[in-house]
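Enquirer: Structure in structure tokens, see below.
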Amino acid sequence: MAEPTPTASPEPIPSRDEAPYRVSTIERVTPSIVEVWLRPLGEPMGFLPGEYVLLEDSDRRVAPRSYSIANAPRPDGEISLLVTRVAEGATSSWVHDRLRTGDEVILTGPYGTFVADPSRTSPCLYLAAGSGLAPIRALIEASLKTTPQGSLTLVLSARTEADVLDRDRLLGWQAEHPRFRFIATLTRAAGAGPRQRVPDLLPDICPRLAGHEVFMAGSPGFVLACAAAAETLGAAREQVHTEPFFVEPQPWSGPPPASG
Ligand SMILES: Cc1cc2nc3c(=O)[nH]c(=O)nc-3n(C[C@H](O)[C@H](O)[C@H](O)COP(=O)(O)OP(=O)(O)OC[C@H]3O[C@@H](n4cnc5c(N)ncnc54)[C@H](O)[C@@H]3O)c2cc1C
């Protein structure tokens, strides 16, 4: 049988869930984190609070990386991302050093299972470290807007006072909503509040977690330690929701490793 005639390689077909956005603001919010607000250039991406997107440059020179959306859906479709600088990290360095207001980027998504059931009114405990606040901020913002009951407690871990992300906004929410409590704990410096790792602090803050929904996001080590602590304090496994910010595999581009 004759081989099929090769055809010219087709243009890449844009995926249905890709969307162009423009940077409306980019601002350093802690020594290691920038917040990027992105405005949709076409149809805004629909998403649930807690989901994440892949971010890349419009020329596709930078590896796409996952970033959690840091806000609840808004009528203008804008999306906020909180990006931590990773030493030698390709995409986070591009965001920190090269991305500017007015630049176009591509988002793909949304993805993820780190979402809340809006019909639930159980008390919620949120545990975040660094930019792990991103999906948690989206979940809390949505819950304060839409769910009338249930206490919400956020414990945010940061190295020093300067690393406490979004303190003013979180204190503002606490003043406005008596059911929301915000606790910052510092791991590398003294401050006004506690100075402990989150898993060590939990027994003092929430000694009984049975019946709670517990959400945790940040580095894999942080999430793993918090999940173990939450279960020890009685949280049911199906009510422990985790979003570990693992480092994605590097594309393999070098020569094959020598065998033998
Ligand atoms: C679901 C999910 C949500 C996430 N949400 C967020 C978020 O909201 N905010 C956030 O800041 N991050 C988030 N992340 C992490 C993010 O996706 C990236 O992993 C992170 O920004 C690092 O990407 P990078 O391209 O800068 O680093 P990479 O280039 O991927 O490098 C990562 C590390 O690998 C090392 N490395 C790179 N190349 C090599 C090599 N050839 N050999 C050895 N080591 C190497 C680097 O030194 C660096 O330490 C999330 C991850 C996941 C999975």
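Enquirer: Run lengths n ≥ 4 of DSSP H only: what is the helix-derived mean residue ellipticity at 222 nm for the chain, with -39500 (n - 2.57) per run over all residues, to the nearest 500?
Expert: Helix contribution divided over all residues of the chain: -6000 deg cm²/dmol.
Enquirer: Sticking with this one: Starting from the amide H of His212, placed 1.01 Å from N in the peptide plane, find each other amide H under 5 Å away whose residue is 5 or more places distant or on another chain.
Expert: It is Ala236, by chain and number.
Enquirer: Let me ask you something else. How big is D, in µm² s⁻¹, for the range 124-244 by Stokes-Einstein at 4 °C and 1.567 mPa s if Rh is the Kirkwood radius over C-alpha pairs?
Expert: 91 µm²/s
Enquirer: Kirkwood Rh, the chain, all Cα pairs: how many Å?
Expert: The Cα-based Kirkwood calculation yields 19.8 Å.
Enquirer: When the accessible area of the range 169-219 is computed with all protein chains present and a 1.4 Å probe, what percentage of it is carbon and sulfur?
Expert: Its accessible area is 50 percent carbon and sulfur atoms.
Enquirer: Label points 7 Å out from Cα along the Cβ direction at Gln149 and Val247: separation in nm?
Expert: About 4.6 nm separates the two model spin labels.
Enquirer: Quick one: putting +1 on the C-beta of Lys and Arg, -1 on the C-beta of Asp and Glu, what dipole do you get for the chain around its Cα centre, in Debye to the nearest 20?
Expert: About 800 debye.
Enquirer: Moving on to the next point. Apply the membrane-span-like helix rule to the chain: whole DSSP H runs, Cα extent along the own long axis of at least 20 Å, mean Kyte-Doolittle hydropathy at least 1.6. List the helices found.
Expert: Membrane-span-like by this criterion, though nothing is claimed about a membrane: none.
Enquirer: Which FRET efficiency value, to the nearest 0.05, is calculated for Arg98 and Thr187 with the Förster distance at 22 angstrom and r the Cβ-Cβ distance?
Expert: So the FRET efficiency works out to roughly 0.15.
Enquirer: Here is a further query. On average, how much accessible surface per residue is there in the range 18-111, in Å², for a 1.4 Å probe, leaving out ligands, DNA and RNA?
Expert: Accessible surface, normalised per residue, equals 45 Å².
Enquirer: Something else now. From Cα pairs below 8 angstrom and at least 6 apart in sequence, can you work out the relative contact order of the range 18-111, rounded to a whole percent?
Expert: So the answer I get is 39 percent.
Enquirer: Sticking to Cα atoms, compute the Rg of the range 71-186 to one decimal and its Dmax as the biggest Cα-Cα distance, whole number, in Å.
Expert: 15.7, 44
Enquirer: Further, regarding this structure: Multiply the residue gap between Ala90 and Thr121 by 0.36 nm, knock off their C-alpha separation, and tell me the result in nm, one decimal place.
Expert: Contour length minus Cα-Cα distance gives 7.1 nm.
Enquirer: Please compute the per residue accessible area over the range 124-244 with all protein chains in place, 1.4 Å probe, rounded to a whole number of Å².
Expert: Roughly 43 Å² per residue, with all protein chains present.
Enquirer: Along its three principal axes, how long is the range 18-111 when you only count alpha carbons? Whole Å, largest extent first please.
Expert: Answer, in whole Å and largest first: 34, 27, 24 Å.
Enquirer: Please list 90-102, 59-71 highest first by mean number of surrounding beta-carbon atoms within 10 Å per residue.
Expert: Peptide ranking by packing, descending: 59-71, 90-102.
Enquirer: Extending each Cα 7 Å along its Cβ direction at Ser24 and Ala228, get the distance between those two points in nm, one decimal.
Expert: Rounded to a tenth, the inter-label distance reads 4.3 nm.
Enquirer: Tell me, what is the percent relative contact order of the range 124-244, built from C-alpha pairs under 8 Å that lie six or more residues apart?
Expert: 28 percent
Enquirer: Now a separate question. In debye, nearest 20: dipole of the range 32-131 around its Cα centre with unit charges on the Cβ of K, R (+) and D, E (-)?
Expert: 180 debye
The values are calculated or read from the model by the stated rules, or taken from the named source; none is laboratory data. Bear in mind the structure is a predicted one, so any value in this text is a computation, not a measurement. No Cβ is skipped: glycine too gets one built from the backbone with ideal geometry, and neighbour counts run over all protein chains shown. Surface areas here come from the heavy atoms of the whole protein model, side chains and all, with no ligands, DNA or RNA. Shrake-Rupley method; radii C 1.70, N 1.55, O 1.52, S 1.80 Å.
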